[in-house]
């Protein structure tokens with residue numbers, strides 16, 4: 001029976017319609033990008049809530065995506081006829097089996113057993129990659145391989161350009177999965193329920209895909225008729241895919257730490273990155289060199305100016321400049337990539353090269369850059385290389401007029417981006433970098449300050465007579481300052497978050513101060529490396545420092561019988577929510593000496609109102625409260641405004657000498673959701 005094929009129906013009447021292929025591809029992409037933030041949130045607390053955890057997760061998913069694309073390429077190139085279908089159905093079956101095994105081993109899919117938690121605080125990239133592989137590696141691999149394989153089968157029956165529209169459709173599914181997690185699922189579903197729901201969705205996908213694959217119209221290869229694929233063409237595919245990927249990760253790092261530590265800001269760059277695939281792979285009519293290259297040059301100048309300026313004029317202006325360049329840069333690079341698309345027989349090789357580029361760009365930013373660059377220099381480097389690669393690609397594509405006009409613009413932008421690297425840090429004495437971010441020791445007219453991006457980690461006055469005076473959020477008038485000054489006799493104080501060790505200013509002879517800090521670089525600087533800060537060395541008795549995630553450390557320790565526990569870890573955008581759950585509060589209570597002991601929480605944050613969460617936890621645990629809100633500090637003594645919440649089972653412990661206008665209780669605060677290890681959501685707490 002003769003079959004008739006067109007772009008609407010894959011093949012009539014013997015084969016399923018194109019719509020079934022599109023639905024399967026969209027479902028696979030939706031699950032791909034839904035599981036990324038889901039699994040990332042599961043493992044984030046195990047590594048101290050560091051922003052680099054998300055970057056490493058992105059690298060893992062790019063690497064597995066590369067593996068899935070490689071599988072699709074090998075299946076199409078090496079297997080004939082029905083063996084292509086059988087191989088993919090076998091892979092789907094193995095993925096479902098792997099998900100079942102981990103579910104039986106851990107009692108919940110996707111959520112690793114607590115025995116796999118890291119024990120140290122060294123750069124945990126390999127351990128994190130291992131955890132992700134055990135949790136979701138094979139199912140993610142199966143999802144990743146589906147899109148290019150189905151497109152390869154479709155391309156045998158319809159034009160390659162029509163088949164490539166499935167890639168655009170898949171990125172719509174990716175956007176849906178990425179946005180659905182923080183908006184629709186995270187605020188309402190516990191993590192384990194989400195994990196079960198995702199696993200059910202994956203099983204449905206596996207059945208649907210296996211059914212489709214089993215009847216797919218696989219056309220035998222005719223190698224003799226295939227055109228030759230040139231190495232330089234493949235190299236251009238890889239480069240034009242790698243640079244937008246590198247720009248994405250570099251931009252995410254820069255925005256969340258150096259521009260505005262706003263929750264959910266990491267979502268915007270990824271949304272723009274995925275949207276560029278939707279635009280460019282859907283149709284040639286959306287991408288035009290004229291407007292796109294002009295916009296790339298304009299936003300390139302805008303971003304270069306922002307990088308050259310010591311401090312951005314405002315977070316909003318900076319976001320427009322940075323995200324505008326990311327969006328147009330990805331559109332131009334991916335637009336040029338699509339114009340280099342091959343014939344149908346090389347479609348899987350094309351997607352494999354695109355995936356190699358994506359993984360390469362992610363690897364360079366997530367793994368190589370932190371080891372060879374002491375600051376976030378990967379952003380101007382990636383931006384400069386992208387505009388230069390686009391210019392070279394235009395010249396090599398025979399686009400003489402466009403290439404010749406844009407090439408001098410590209411060279412000028414590269415010079416500006418390079419200049420921005422050299423001009424950084426006019427008042428910076430030292431910059432250090434580790435897995436947990438970039439730290440800068442900066443000179444101020446009053447003394448020295450340690451900055452973690454835009455987050456102040458502490459400061460010390462240069463005046464010898466004031467060197468032991470507590471500053472910033474720990475000033476004598478602050479909530480924690482008044483608390484520690486009111487205590488008499490030898491104290492045992494546990495502090496989560498070291499900073500520069502300012503809290504040690506309150507240490508008296510016989511006191512025991514024990515700090516918990518996850519960043520080895522912070523510990524090194526606070527202990528005097530570089531001769532910048534002396535809080536710890538000046539203390540009457542040397543404070544103890546425990547390196548590693550505070551909660552994991554406390555869970556391993558016997559009850560410490562602290563008189564005061566200070567928790568200061570909520571100033572940035574990457575709030576370690578595992579330190580603000582019911583289980584964590586119960587852990588703190590187990591380490592307090594008596595009902596008169598106090599838990600002190602520093603909840604100052606420009607973008608989050610954490611008071612409702614603390615109010616709910618205080619009620620659940622039967623704790624009395626005192627909120628000390630200092631709106632104005634003393635600039636001459638480097639005392640900043642601060643918001644502290646003091647909690648205790650004994651209300652007498654909270655009777656401090658605080659001006660009435662600065663004191664209140666949590667009774668005046670509306671209660672928020674009950675955060676647990678299974679449920680946390682920042683969505684309703686953002687100060688828009």
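Some observations on this one:
- Listed conditions (1) exposed (fewer than 15 other Cβ atoms within 10 Å of the Cβ); (2) modelled with pLDDT under 85; (3) touching a helix residue (DSSP H, G or I) at 6+ places or on another chain (Cβ under 8 Å) are all met by residue 453, apart from (1).
Every residue, every condition in (1) free of Cβ contacts under 8 Å to residues at least 60 places away in the same chain; (2) surrounded by fewer than 20 Cβ atoms within 10 Å (Cβ to Cβ); (3) more than 20 Å from the chain's Cα centre (by Cα), yes or no:
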site	(1), (2), (3)
86	yes, yes, yes
94	yes, yes, yes
99	no, no, yes
103	no, yes, yes
110	no, no, no
129	no, yes, no
133	no, yes, no
149	no, no, yes
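- When 359, 389, 349, 353 are checked against the criterion of being under 24 Å from the mean Cα position of the chain (by Cα), touching a residue at least 60 places away in the same chain (Cβ under 8 Å) and either within 28 Å of residue 165 (Cα to Cα) or assigned to a helix (DSSP H, G or I) (or both), 359 stands alone in meeting it.
- Restricting 135, 105 to residues that are within 21 Å of residue 57 (Cβ to Cβ) and in a helix (DSSP H, G or I) narrows the list to 135.
- Applying the condition of being in a helix (DSSP H, G or I) and out of contact with any strand residue (DSSP E or B) (no Cβ under 7 Å at 6 or more places or on another chain) to segment 581-607 and asking which residue is farthest from residue 674 (Cα to Cα) yields 590.
- Among the candidates 433, 446, the residue that is within 17 Å of residue 253 (Cα to Cα) and crowded, with 17+ Cβ neighbours inside 10 Å is uniquely 433.
- Note on segment 426-450: residues that are at pLDDT below 85 and closer than 18 Å to residue 372 by Cα total 4.
- When segment 176-192 is filtered for residues that are surrounded by fewer than 19 Cβ atoms within 10 Å (Cβ to Cβ), in a helix (DSSP H, G or I) and touching a residue at least 12 places away in the same chain (Cβ under 8 Å), the ones remaining, listed by number, are 176, 179, 180, 182, 183, 192.
- Meets criteria (outside the structural domain of residue 37 (by TED's automatic domain parsing), within 25 Å of the chain's Cα centre (by Cα) and assigned to a helix (DSSP H, G or I)) for residue 294: no
- Taking segment 474-554 and the strands (runs of 3 or more DSSP E) fully enclosed by it, the elements with 2 or more residues that are more than 27 Å from residue 440 (Cα to Cα) and in contact (Cβ under 8 Å) with a residue 12 or more places away in the chain are at 492-496.
- Residue check: residue 214 meets all listed conditions (1) over 26 Å from the mean Cα position of the chain (by Cα); (2) at pLDDT 85 or above; (3) surrounded by fewer than 24 Cβ atoms within 10 Å (Cβ to Cβ) but one, namely (2).
This table checks each residue for (1) modelled with pLDDT under 90; (2) under 25 Å from the mean Cα position of the chain (by Cα); (3) surrounded by fewer than 18 Cβ atoms within 10 Å (Cβ to Cβ); (4) not assigned by TED's automatic domain parsing to the domain that holds residue 577.
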position: 517; (1), (2), (3), (4): no, yes, no, no
position: 536; (1), (2), (3), (4): no, no, no, no
position: 548; (1), (2), (3), (4): yes, yes, no, no
position: 552; (1), (2), (3), (4): yes, yes, no, no
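The values are calculated or read from the model by the stated rules, or taken from the named source; none is laboratory data. Source: prediction; values computed, not measured. Reconstructed Cβ throughout: ideal geometry from the backbone, glycine too, with neighbour counts over all protein chains shown.
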